[in-house]
Amino acid sequence: MDFNRRNDKDGHKKIIFSGVAGALVGATLFAFAIPTFHKFGLIQEGDAEARQTRHYVAQAKDESASDVRFDFVSAVDKASDAVVGVINIQQDSFSESDAEAGTGSGVIYKKGNGKAHIVTNYHVIEGANRIEVSLSNGKKVPAELLGGDKVMDLAVLQIDEKFAEKVIEIGDSNTVKRGEPVIAIGNPLGLEFSGTVTQGIISANERIVPVDLNNDQHYDWQVEVLQTDAAINPGNSGGALVNIDGKLIGINTMKIAAKEVEGIGLAIPIARALPIVAELEKNGKISRPYLGVELRSLNEIPSYYFEKTLRLPRDVVEGVCVLDVRSPSPAAQAGLREYDVITEIDGKPVRNIIEFRTLLYGKKVNDKMKLVFYRGTKKETTTVTLSGENY
């Protein structure tokens, strides 16, 4: 179940959710080595001292490699039993019976009071009639969906506590460094490859990636992610990204897919995920401020419409255009209309939809928000009181 963030026309990059089995992609594991002095011509053959030096270098190399292998094996042993398969079951449109629609991964992060909780990606369970969890021992058990959030691409499941063999230890994604070794654990290509482990490093720890929430091929939100070159393939979504101590630092969510791109996987930092997970666990939903408009970034609208439809001043080239106003809504109550172009929120410039949503979601339900907008050539202001909409 690959969800493309945008089409791959003319060789453009695609951001692909790695939720369900797809084509097999090979992965190359890192090889760690210590350079020998031979490369620099510092050791002379036949020299006793040189032979002894080579012995110590080789011994150090073997011990170092052994330590690295032990660290990785120990981390995998510590975390792998907490990583499960998540099976999305939907009604087949032809047979009208339930059938497996796709598989992803999940992580057991908590248990108690007879229940165990699992975090996964929203796109892994989206549209499911039923959800099953495949445990590390292969046993499949029913799961209850406590809640999901499409914006952050997170969901929380619940199973009987007796099925949870291990709970993963939570790490601190705020302290990860570029170059730090990491391990991805999940079920690439489906349950046939369950518990697959890939290794890599943190390539970037503050990467901002634009996303398309409603699949209209226009970016309307951005997420902060950890970038890694550990192989993340279809089926890995919702699985664990752990550090060398076996602690959870990220939830694997997507990858960059293009012919010229290799080794760009993305994970939601656990520090960003935990507040959303806690609210989903408690309330089953995330309440965000709601304005009630359909928008398009002005830079995505053909220039022809600037003059014929929007009739904007020539110096207004950035902002968001209102394509529709829902009623009832805060926007309708504040007097916004179709083709109004919003350029400021609370004195801060709004150049595109991403900036608009970032400022909007920085507010709380019932907060007031001052908008500056153009209606044709006329510059106007209005104040809206935001309501709540559940995502």
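Per-structure values
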read-out: Where a residue in region 353-374 is within 19 Å of Asn214 (Cβ to Cβ) and its partner, wherever it lies, is modelled with pLDDT under 95 and among the acidic types (Asp, Glu), with Cβ under 8 Å and at least six apart; value: Ile353/Asp220; Ile354/Asp220; Arg357/Asp220
read-out: Residues that are open to solvent by 30 Å² or more (accessible area, probe 1.4 Å), assigned to a loop (DSSP other than H, G, I, E, B) and either aromatic (Phe, Trp, Tyr) or in contact (Cβ under 8 Å) with a residue 40 or more places away in the chain (or both), drawn from region 258-286; value: Lys259, Glu260, Val261, Gly263, Ile264, Lys285
read-out: Residue count, region 287-319 (criterion: in a strand (DSSP E or B) and closer than 20 Å to Lys368 by Cβ); value: 6
read-out: Output for region 341-387, where each listed residue is among the hydroxyl-bearing types (Ser, Thr, Tyr) and either over 33 Å from the mean Cα position of the chain (by Cα) or under 23 Å from Leu312 (Cα atoms) (or both); value: Thr343, Tyr374, Thr377, Thr381, Thr382, Thr383
read-out: Within region 110-229, strands (runs of 3 or more DSSP E) holding 2 or more residues that are open to solvent by less than 50 Å² (accessible area, probe 1.4 Å) and over 25 Å from Glu100 (Cα atoms); value: 181-186, 196-211, 221-228
read-out: Filtered residues of region 235-257 (kept if open to solvent by less than 10 Å² (accessible area, probe 1.4 Å), on the phi < 0 side of the Ramachandran plot and under 13 Å from the mean Cα position of the chain (by Cα)); value: Asn236, Ser237, Gly239, Ala240, Leu241, Ile249, Gly250, Ile251, Asn252, Thr253, Met254
read-out: Qualifying residue in region 59-67 (condition: within 25 Å of Gly246 (Cα to Cα), open to solvent by 50 Å² or more (accessible area, probe 1.4 Å) and at pLDDT 75 or above); value: no
read-out: Qualifying residue in region 75-88 (condition: modelled with pLDDT of 80 or more and exposed (fewer than 13 other Cβ atoms within 10 Å of the Cβ)); value: yes
read-out: Number of the condition not met by Asp315 [criteria: (1) of a type outside the set (Ser, Thr, Tyr); (2) loosely packed, with under 13 Cβ neighbours inside 10 Å; (3) closer than 30 Å to Leu248 by Cα]; value: (3)
read-out: Any chance Phe306 is among the aromatic types (Phe, Trp, Tyr), surrounded by 14 or more Cβ atoms within 10 Å (Cβ to Cβ) and modelled with pLDDT under 95; value: yes
read-out: Region 318-348 - residue that is at positive phi and of a type outside the set (Gly, Ala, Ser) and, of those, least open to solvent (accessible area, probe 1.4 Å); value: Asp346
read-out: Every residue from region 320-343 that is within 17 Å of Val372 (Cβ to Cβ), of a type in the set (Ser, Thr, Tyr) and in a loop (DSSP other than H, G, I, E, B); value: Tyr339
read-out: Checking Lys363 against (1) modelled with pLDDT under 95; (2) in a loop (DSSP other than H, G, I, E, B); (3) farther than 25 Å from Lys150 by Cβ, the condition it does not meet; value: (3)
read-out: Members of region 104-142 that are in contact with a helix residue (DSSP H, G or I) (Cβ under 6 Å, 6 or more places away or on another chain) and either under 25 Å from Asp212 (Cβ atoms) or of a type in the set (Gly, Ala, Ser) (or both); value: Gly104, Gly114, Ala116, Val119, Ile131, Ser134, Ser136
read-out: Residue ID - least open to solvent (accessible area, probe 1.4 Å), chosen from residues in region 366-391 that are modelled with pLDDT of 95 or more and either of a type in the set (Phe, Trp, Tyr) or under 14 Å from Ser297 (Cβ atoms) (or both); value: Phe373
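The values are calculated or read from the model by the stated rules, or taken from the named source; none is laboratory data. From a predicted model like this one, the values you see are computed outputs, not experimental measurements. Don't worry about glycine lacking a Cβ; one is built from the backbone with ideal geometry, like all the others, and counts go over all protein chains shown. What goes into the accessible areas is simple: the full protein's heavy atoms, side chains included, and nothing from ligands, DNA or RNA. Shrake-Rupley method; radii C 1.70, N 1.55, O 1.52, S 1.80 Å.
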